[in-house]
Amino acid sequence: MSTATIAKPKAQQPGKGGRRFSLPVLLLIIAGALILTSVVRLITGADGITSTGQMSTALRAAVPIGLAGLGGLWAERAGVVNIGLEGMMILGTWFGAWAGYQWGPWTGVVFGIVGGCLGALLHAIATVTFNVNHIVSGVAINILALGTTRYLSKFTFANTEQGSAKQSPPIDSLGTFDIPGLSSWLDTLNEKHWFLISDIAGLIGGLITDLSPLTVIAVALVPATWWILWRTAFGLRLRSCGENPVAAESLGVNVYKYKYIAVIISGGFAGLGGAFLSIVASNVYLDGQTGGRGYIGLASMIFGNWMPGGLALGAGLFGYTDSLNLRGGATNVHALILLLGFLLVAGCAYLVWKKRYVPAGITAAVAAVMFVWYATTDQVPTQLVGASPYIVTLLVLSLSAQHLRMPKADGLPYRKGQGK
């Protein structure tokens, strides 16, 4: 029997956890967010929050988070929870840097992917073959990767002229490029600080300015993932393993094989994200370089409801927040408080429209706190600036948790032939 007969998951009914927006509604939401951001820029004078440089930095910060999220998406769509993304990213940073400074950056990219795949292979053996708890295995991978890379650094980087036990020698750049004419024109338009127009110019300009070739590849992997998983027979079989592996096996799908493939691809994405950090973002390996981005990538996948498009939006949000403390620091994060207040007011209005008065009241109270906080302070503590990406991660997940729908068999134990 053909695997094409595998039943697809039933679509969520409106109001029961689904949150699919039509294209016009989605565009309206994006336009509203842009208008609010422009208003905040005018009120606060924090022109940096929509500058071309800010958006370019945000894209660079979002790429490793998005790649880790894509890794989590592949694994969990096949039914394997991959908490080990952080460890696989660590392996990607180390292997990418180790090969990159010796044989060139593109070789480093390949080795970074291989490093992530090695960590994923261990996770697949533990969870798929030996049925180890997925969370326990993932945490073990993270600890193992951290210890292994620190140990290896003492025997590799520490013996080089420009390296140390915690840092690799510099790696050659992959190079960057702009779109001739358009990038400079948008940057000029952004510097005029016109309402909305300059903000849109900054957003678009940041996406096409100072681009690394690896950034373009990473962005292209998002639609490629969607097409493979939702438009091919291979993707249907893989997703069936995460929804109902017993039914998939009864239709001739080798569940173990697809789980292994998905987890190894997952590690490759995470390793590529790690290689991006050490080769593109900083052109050097540093101990602790991932900074929890594997976990934030997992959070962006959950925020995106296990879908590539939503994942990309989540990675962009977290990348933008992360970039605020890299450019402008306390000033930009202080302006973010006001923006969050306006967004919460909009959320409150939506909840009132849905007649959900208790959540609306709580949201209104939090919005009031944000406005008072902004009005009574001129800047935010330095510690809060550094923690802002993680705070936004927790806030977004807590607000969106009720709308999530994970694959039905995600993280559940499975043995071959158990349905017989």
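Consider residue 375 carefully, then state whether it is small (Gly, Ala, Ser) and in contact with a helix residue (DSSP H, G or I) (Cβ under 7 Å, 6 or more places away or on another chain). Considered against the rule, which asks whether it is small (Gly, Ala, Ser) and in contact with a helix residue (DSSP H, G or I) (Cβ under 7 Å, 6 or more places away or on another chain), residue 375 comes out as no. Taken together, the residues in segment 241-258 that are assigned to a helix (DSSP H, G or I), open to solvent by 10 Å² or more (accessible area, probe 1.4 Å), under 11 Å from residue 78 (Cα atoms) and not aromatic (Phe, Trp, Tyr) amount to 3. Close Cβ contacts (under 7 Å, 6 or more residues apart or on different chains) running from residues in segment 365-380 that are in contact (Cβ under 8 Å) with a residue 24 or more places away in the chain and under 16 Å from residue 391 (Cα atoms) to residues that are open to solvent by 60 Å² or more (accessible area, probe 1.4 Å) and in a helix (DSSP H, G or I) comprise 367/345.
So which helices (runs of 4 or more DSSP H) stay within segment 268-378 end to end and still have 3 or more residues that are within 16 Å of the chain's Cα centre (by Cα)? Once the helices (runs of 4 or more DSSP H) in segment 268-378 are filtered for at least 3 residues that are within 16 Å of the chain's Cα centre (by Cα), what remains is 293-303, 308-324.
Residues checked against (1) assigned to a loop (DSSP other than H, G, I, E, B); (2) open to solvent by 60 Å² or more (accessible area, probe 1.4 Å):
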position: 88; (1), (2): no, no
position: 102; (1), (2): no, yes
position: 132; (1), (2): yes, no
position: 150; (1), (2): no, yes
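Which of the following residues is open to solvent by 10 Å² or more (accessible area, probe 1.4 Å), in a loop (DSSP other than H, G, I, E, B) and among the charged types (D, E, K, R): 187, 172? Of 187, 172, the one residue that is open to solvent by 10 Å² or more (accessible area, probe 1.4 Å), in a loop (DSSP other than H, G, I, E, B) and among the charged types (D, E, K, R) is 172. The condition of being modelled with pLDDT of 95 or more and among the hydroxyl-bearing types (Ser, Thr, Tyr) holds for only one of 215, 209, 176, that being 215. Checking each residue in segment 53-88 for being hydrophobic (A, V, I, L, M, F, W, C), within 26 Å of residue 255 (Cα to Cα) and under 12 Å from the mean Cα position of the chain (by Cα) picks out 67, 68, 70, 73, 85.
The values are calculated or read from the model by the stated rules, or taken from the named source; none is laboratory data. All figures in this text were calculated on a predicted structure; none of them were measured in a lab. Methodologically, a virtual Cβ is constructed for each residue, glycine included, from the backbone with ideal geometry; neighbour enumeration extends over all protein chains shown. Areas reflect the complete protein model, heavy atoms only, side chains present, ligands, DNA and RNA absent. Shrake-Rupley method; radii C 1.70, N 1.55, O 1.52, S 1.80 Å.
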